[in-house]
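Q: Take a look at the following structure, please.
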């Protein structure tokens, strides 16, 4: 009888272990197709976030499972806890309510939000007010500048990628699309899109734009998340993170 009782003890005790304490060895990483910073086309996903996480995962004995998804779907999955990590996110108060951002940012762009139109449209946007009445393609789930994002009078047409935005513009389904000048034009050249048919409107909103790695709320509570954060910040402190972002033509990582 004693042996039978002892055999049941581990099972009984396991029922009282909180689920948060059960740690997985596989970390799910949401990756959207946003060249040159990430690519989900081809046999294997690749990109800057994976360049950063791979050596960290190797050191911790973790496996990275890539989940390819459109940008808006990636953000939604992260917010719902369906994936653990995503990168390239602009930090906003709204996003901070459901996500945990990891500092420092690994992407730092001193660029402008620009509005692109067809060259032969004859359109000229010289100020913010001139945007009213125009159909503007925006990346679904993306953050831009506060005035634009909060403006409910703007006609915003959500799209899943900059490539789709350009295709809609070329077909006359939208009048403009908004993008970060530095990344949008680089992406269009990588995707071999006809940028010569477009024109940048005079109006622009210049800002310092930072892209962060972020965790889902549940994953942020795990020991793996804390270990990843610690090693990530060690890379930033030691200058290795700057070396990892250098091939992507990004500036050095600011240290603490």
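Any read-out appearing in this document is the output of simple, stated calculations on the displayed coordinates, not a laboratory observation. Being a predicted model, the structure only gives us computed values, none of them experimental. Positions of Cβ are backbone-derived with ideal geometry, glycine not excepted, and every protein chain shown enters the neighbour counts.
Q: In units of 2.2 N^0.38 Å, what is the alpha-carbon radius of gyration of the range 95-169?
A: Values: Rg = 14.7 Å, N = 75, 2.2 N^0.38 = 11.3 Å.
Output field value: 1.29.
Q: Find how much the distance from residue 195 to residue 164 grows on full extension, using 0.36 nm per residue of separation minus their present alpha carbon separation; answer in nm with one decimal. If you can, show how the numbers build up before the last one.
A: Values: separation 31, 0.36 × 31 = 11.16 nm, distance 1.37 nm.
Taking residue 195 through residue 164 to full extension adds about 9.8 nm, to one decimal.
Q: Helix 48-60 sits at what angle to the longest principal axis of the chain, using alpha carbons and giving 0 to 90 degrees rounded to 10?
A: The angle comes out near 10 degrees.
Q: Further question: Which parts of the range 54-78 would a label at residue 92 reach, counting a residue when its backbone N lies under 14 Å from a point 7 Å out along Cα-to-Cβ?
A: Counting only backbone N, you get 72-73, 75-76.
Q: If you take Rg and Dmax of the Cα atoms in Å from the coordinates, which of [x] 21.8, 90; [y] 17.7, 56; [z] 18.2, 59 do you get?
A: So the calculated entry is the one marked [x].
Q: In what sequence do 177, 101 fall when counting other Cβ within 10 Å, fewest first?
A: Numbers: 177 24, 101 17.
Listed from fewest to most nearby Cβ atoms, that is 101, 177.
Q: Quick check: Cα centre of the range 124-143 to Cα centre of the range 98-117, how many Å?
A: Each part's Cα centre sits 18 Å from the other's.
Q: Sorted by packing (mean other beta-carbon atoms within 10 Å per residue), highest first, where do 90-98, 212-220 land?
A: Numbers: 90-98: 13.0, 212-220: 20.4.
By packing density, highest mean first, the sequence is 212-220, 90-98.
Q: Going 7 Å from the Cα of residue 120 along its beta-carbon direction, which residues of the range 196-235 have the amide nitrogen within less than 17 Å of the resulting point?
A: 196-200
Q: Further question: So between residue 234 and residue 152, what do we pick up on full extension, going 0.36 nm a residue minus the alpha carbon distance? Walk me through the intermediate numbers first.
A: Numbers: separation 82, 0.36 × 82 = 29.52 nm, distance 4.21 nm.
Difference between extended and current length: 25.3 nm.
Q: Using the number of other C-beta atoms within 10 angstrom as an exposure proxy, rank 82, 181 with the fewest first.
A: On the way: 82 15, 181 18.
Listing 82, 181 from fewest to most nearby Cβ atoms yields 82, 181.
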